[in-house]
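Each remark here refers to the structure printed beneath this line.
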Amino acid sequence: MSNLSPLLQQATGVTAERGEGLYIVDVEGRRYLDFTAGIGVTSTGHCHPHVVDAIREQAGKLIHGQYTTVLHRPLELLAERLSAVSPDHLNSVFFANSGSEAVEAALRLARHATGRPNIIAFHGGFHGRTMGAAALTTSKVAIRAGLQPLMGGVVVAPFPHASRYGWSEEEAVRFCLDELDYLFATVTDPRETAALIIEPVLGEGGYVPTPAAFAVGLKERCERFGMLFIADEVQTGVGRTGRFWGHEHLGVEPDIMIVAKGLASGMPLSAMVAPKELMERAWTGSQGGTYGGNALSCAAALATLDVIEQESLVANADVQGTEMLKGLRVLAAGNPRIGGVRGLGLMLAVEVVDTDGNPDAKATKQLQAGAVGEGLLLLTCGAYGNVVRFIPPLIVQSAEIKDGLERFGRALQQI
Ligand code: PMP
């Protein structure tokens, strides 16, 4: 009998013994090509030697130096490095441990700095499981079910998921911007709206890229009404989409950016990055925490940023992502059970449908299990559980993309 909580269900049935680059090796010695990367976390692959060395070296010097008690070098250096790779005005960093915590910090900052209560989130977005972040999350009802009422002051606006509406992207964007204006006229006065929060690509909600025209419309309204634009880059950041930041695809820069997952190659670390003047408008005592900016995590993040730069992993994500997208489209063309292929860089997904074209969660589970049988680890997402996602580490090369596609193709034949 396992003593682990029964509510934590593993998607693959694999018990990992170790990780090596693109592979997970289980306790029986079986090797799996890992196209999950720990939900988009192990950006440099499992146990990259440079990251391992940095963690080992730091562990011999200082493991924990609680940041409201003392400063330490990895903390200061990482704040500097993270500002340097962020848009110029995002020059002040608050560190925490998880994506949810950084989202909570952004909520506190937005409310404090604007003096306004309301936050707009977009339908299908995922921002975390803590109660404030869960109030912004509408990717799947299970995150909210049985827990409501959640934090007040959250208004959910439609997201331009064109294929779901059965419209062109242009029509979906126009509709969603009109609906947002209608919300301003009927639900939340812009004067009491602190911020809006959006993922550059809907992640848990189904890997749907945010149309650039929508982001431009949002930014224009933020500027007009003095609201803050918060980009939740937890899943899209640090090279995942083939650009360093997901918002680079949108042609707008956020006022607050939330970073986690791929930042520290698997060590727990998140960050909220904002202009210093904005941080100064928030209230003293509103930021803190015991483990945030942990020394080992910061050392791992510094080494991760080195590897990303030295191995040109952002460009690699773009090149390999383009190749994988092509390969997935070829598989989809010959298979009516794939209803669509989408994504950016190495954040790609296919939608699994039944013979009538409806979402097919059961077949998706079979497909995932079939892939495990073929030695390929994959995750699913989407409101109806029918989206299979492909998020290999950013170090992936052509040979492994080809191998992964072949394994996936064999699993597809089994549904
Ligand atoms: N925001 C986004 C976009 C995410 O994808 C996630 C995690 N899937 C979170 C926030 C929450 O991060 P965490 O699980 O580290 O709390």
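Looking at the stretch 1-18 only, could you name the residues that are closer than 16 Å to residue 378 by Cβ and surrounded by 11 or more Cβ atoms within 10 Å (Cβ to Cβ)?
11, 12, 14, 16 - these are the residues of the stretch 1-18 that are closer than 16 Å to residue 378 by Cβ and surrounded by 11 or more Cβ atoms within 10 Å (Cβ to Cβ).
Listed residues 50, 64; which is over 23 Å from the mean Cα position of the chain (by Cα) and closer than 23 Å to residue 243 by Cα?
Within the list 50, 64, the selection yields 50.
Among the strands (runs of 3 or more DSSP E) contained in the stretch 146-248, which hold 1 or more residues that are of a type in the set (Phe, Trp, Tyr) and in contact with a strand residue (DSSP E or B) (Cβ under 8 Å, 6 or more places away or on another chain)?
Correct list: 228-232.
Look at the stretch 254-273 and say how many of its residues are in contact with a Leu (Cβ under 6 Å, 6 or more places away or on another chain) and in a helix (DSSP H, G or I).
1
Please count how many residues of the stretch 60-108 are aliphatic (A, V, I, L, M) and within 16 Å of the ligand (Cβ to nearest atom).
6
Go through the stretch 66-108 residue by residue and tally those that are within 18 Å of residue 296 (Cα to Cα), of a type outside the set (A, V, I, L, M, F, W, C) and outside any loop (DSSP other than H, G, I, E, B).
Looking only at that region, the number is 6.
(1) touching a residue at least 24 places away in the same chain (Cβ under 8 Å); (2) assigned to a helix (DSSP H, G or I): which one isn't true of residue 251, the others all being true?
For residue 251, the exception is condition (2).
When residue 29 is evaluated against the numbered criteria (1) in contact with a strand residue (DSSP E or B) (Cβ under 8 Å, 6 or more places away or on another chain); (2) of a type outside the set (Ser, Thr, Tyr); (3) surrounded by 12 or more Cβ atoms within 10 Å (Cβ to Cβ), which criterion, by number, is the only one it fails?
(3)
Examine the stretch 70-89 for a residue that is more than 22 Å from the chain's Cα centre (by Cα), buried (at least 18 other Cβ atoms within 10 Å of the Cβ) and farther than 17 Å from residue 305 by Cα, and state whether such a residue exists.
Yes, because at least one residue in the stretch 70-89 is more than 22 Å from the chain's Cα centre (by Cα), buried (at least 18 other Cβ atoms within 10 Å of the Cβ) and farther than 17 Å from residue 305 by Cα.
For the stretch 109-140, what are the residues that are assigned to a helix (DSSP H, G or I), within 11 Å of the ligand (Cβ to nearest atom) and farther than 13 Å from residue 258 by Cα?
Within the stretch 109-140, 134 is the sole residue that qualifies.
Would you tally the residues in the stretch 1-26 being free of Cβ contacts under 8 Å to residues at least 60 places away in the same chain, in a loop (DSSP other than H, G, I, E, B) and either over 30 Å from residue 313 (Cβ atoms) or small (Gly, Ala, Ser) (or both)?
Matching residues across the stretch 1-26 total 9.
Can you work out which of the residues in the stretch 90-99 that are within 20 Å of residue 268 (Cβ to Cβ) and aliphatic (A, V, I, L, M) is farthest from the chain's Cα centre (by Cα)?
My answer is 93.
Could you please tell me which pairs satisfy a Cβ distance under 7 Å, a separation of 6+ or placement on different chains, a first residue in the stretch 194-215 that is over 18 Å from residue 237 (Cβ atoms) and more than 12 Å from the ligand (Cβ to nearest atom), and a second residue that is part of a helix (DSSP H, G or I) and of a type in the set (Lys, Arg)?
194/111
Report the residue count in the stretch 274-299 for those that are in a helix (DSSP H, G or I) and touching a residue at least 24 places away in the same chain (Cβ under 8 Å).
Here the count works out to 9.
State yes or no: is residue 42 in a loop (DSSP other than H, G, I, E, B) and in contact with a Pro (Cβ under 7 Å, 6 or more places away or on another chain)?
Taking the combined requirement at face value, the residue satisfies it.
Within the stretch 267-284, restricting attention to residues that are among the small types (Gly, Ala, Ser) and more than 14 Å from the chain's Cα centre (by Cα), which residue is surrounded by the most Cβ atoms within 10 Å (Cβ to Cβ)?
274
Tell me, which residue of the stretch 151-168 that is more than 23 Å from residue 190 (Cβ to Cβ) and under 22 Å from the mean Cα position of the chain (by Cα) is surrounded by the most Cβ atoms within 10 Å (Cβ to Cβ)?
Among those residues, the one meeting the criterion is 161.
Can you pull out the residues in the stretch 229-277 that are among the hydrophobic types (A, V, I, L, M, F, W, C), under 23 Å from residue 75 (Cβ atoms) and away from the ligand (no atom under 11 Å from the Cβ)?
Scanning the stretch 229-277 gives 238, 244, 245, 256, 257, 264, 267, 271, 272, 273, 274.
Any chance the stretch 215-224 includes a residue that's closer than 26 Å to residue 390 by Cα and at pLDDT 95 or above?
Within the stretch 215-224 (the criterion being closer than 26 Å to residue 390 by Cα and at pLDDT 95 or above), the answer is yes, since at least one residue qualifies.
The values are calculated or read from the model by the stated rules, or taken from the named source; none is laboratory data. In this text, all values refer to a predicted model and were calculated from it rather than measured experimentally. Cβ: placed from backbone, ideal geometry, glycine included. Neighbour counts: every protein chain shown.
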